[in-house]
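One structure below.
What follows draws every value from the coordinates through simple rules; no lab data is involved. Just so it is clear, the structure is predicted and the values come from calculations on it, not from any experiment. Note that we place each Cβ from the backbone using ideal geometry, even for glycine, and neighbour counts take in every protein chain shown.
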Amino acid sequence: MGIRERGLTMAGTTDARPRLPPGPPLPKLVQDAAALARLQPFLRRCQRRYGDLFTLRLHGFGNVVAVGDPALVKQVFLASPTTLHSGEGSPLGPILGANSLLVIDRDVHMRQRKLLLPPFHGERMKAYEPLIERIAQEQIAAWPEGEPFPVAPTTMRITLRAILQAVFGAQDDVLRRLQRLLPPFTALGSALTPFPQVHKDLGRRSPWGRFVRMRAEVDALCDRLIAEAKRDPALAERPDVLALLVQATHEDGAPMSNAEIRDQLMTMLAAGHETTAAQLAWAVERLRREPEALARLVAEADAGGRAWRDATIREVQRTRPVIMFTSRLAKEPYELGGHVLPRGTRIVLPAALTHYDARFFPQPARFDPQRFLDRKPDTYAWIPFGGGVRRCIGASFAHMEMDVVLRTIVRTWELLPAGPDEPSERLRFRGVAYAPSRGGEARVRRRRGGVGRGGAAPAERAAVAVG
């Protein structure tokens, strides 16, 4: 009997007493260090020893039950939001604000999610593509030929500029000020997220004190954008997300407050800036080590196709997920895989487990976009964006952005293959996302005649559509 089937059989013979699955008996400090330094290998070792359901003990989280079986992942994703909370206790709460979609639960979460979903679907996504292409063209234009360099700083600038214009609707002075302020702000917030014990304002020189003052400056600029949007006679025609939030109303007809809008803007910044930038850097890192996959990507882009690029993006997200897990907090005893988990148990659903499991992805260590060609990934084994009602609302935007940026890169530059002295880059934890340790190092050569395939007109359209 397979592990997945055994878990379901056990569920039918559960005794009702709260009982955690087995797990490593290591001291908390040792488990903390292993999870921070080598999360994926640590989880895989635990899975081999204890099975698809095991318990970790981590400071700040208490008992953490990790799930490595898609059938059980599905059960958790589809559980009642009154039984399992996702936002409560999140270390992102103090960073993003009390109204953030990532830190609220139950009916409040569903109401906010309903308000935020429309900008990230359908035709509106297509309206953002010319803007992303223009930003990407501008940012990659000065790449050095023949010399090794990290692409992550470029992808960070691309994703930041895209969010500021497509989401915040920022222009001119506010755009320049946010471009200056947000990189150190997001870097500091990411560094502070895993350490809630230092979230104390001890003055402007303390890390949290600096963050609080920077957040106040960001909030003031957001308030300025909100006020300008409310005065804009063409607000209804604007494509940016902020314009939609200003016009949105709750079920009782009340508009969103400035605090709600600010916290959701911060949420979209956190979810779509560093994460997508890191994923793009991983795409370059992986493709330079897979010349056949890269050659096929280039040929398809030149021909105007995208199926292989879609599959490549999904395979990059499988092999190098930048968010290693999502989690839920049990608000009452919860039965899972033959165990009744006590109230207060944190359940984690690690992409770091299912993405590398040969039962669900044959030859998991192999980079093979073919596995996703003309077929969508399994919803509960491929989980870079989480799942259920908490699935990242910006998933479509992130995929679109990666698609446009990768297409622009391979039409403009030839990515030179990695040499034998260039080993694969290790995962480096940046507080929120896992990025390539050397920033996605690349060497490039300009493609003669590669620039401008459909480039000028989209850039002009973006300037008109988004400003």
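Observations
- Every condition in (1) charged (D, E, K, R); (2) under 23 Å from the mean Cα position of the chain (by Cα); (3) surrounded by 17 or more Cβ atoms within 10 Å (Cβ to Cβ) holds for residue 366 except the one numbered (3).
- Taking first residues from the stretch 381-400 that are closer than 23 Å to residue 357 by Cα and partners that are of a type in the set (Val, Ile, Thr) and assigned to a loop (DSSP other than H, G, I, E, B), no Cβ contact under 6 Å between residues at least 6 apart in sequence or on separate chains turns up.
- Residue in the stretch 364-387 that is in a helix (DSSP H, G or I), closer than 14 Å to residue 70 by Cβ and in contact with a Ser or Thr (Cβ under 9 Å, 6 or more places away or on another chain) present: no
- Residue count for the stretch 99-124, restricted to those that are of a type outside the set (Lys, Arg) and part of a helix (DSSP H, G or I): 11
- Residue match in the stretch 311-325 (condition: touching a strand residue (DSSP E or B) at 6+ places or on another chain (Cβ under 9 Å), under 28 Å from residue 62 (Cα atoms) and not in a loop (DSSP other than H, G, I, E, B)): yes
- Screening residue 181 against (1) under 18 Å from the mean Cα position of the chain (by Cα); (2) of a type outside the set (Val, Ile, Thr); (3) farther than 22 Å from residue 397 by Cβ leaves a single unmet condition, (1).
- Test: residue in the stretch 433-452 that is in a loop (DSSP other than H, G, I, E, B), touching a strand residue (DSSP E or B) at 6+ places or on another chain (Cβ under 6 Å) and closer than 24 Å to residue 52 by Cβ: no
- Number of the exception - residue 48 against (1) surrounded by fewer than 17 Cβ atoms within 10 Å (Cβ to Cβ); (2) within 22 Å of the chain's Cα centre (by Cα); (3) assigned to a helix (DSSP H, G or I); (4) not β-branched (Val, Ile, Thr): (2)
- All positions within the stretch 255-284 that are among the small types (Gly, Ala, Ser) and in contact with a Leu (Cβ under 7 Å, 6 or more places away or on another chain): 270, 283
- Check on residue 253, within 30 Å of residue 351 (Cα to Cα) and not in a helix (DSSP H, G or I): no
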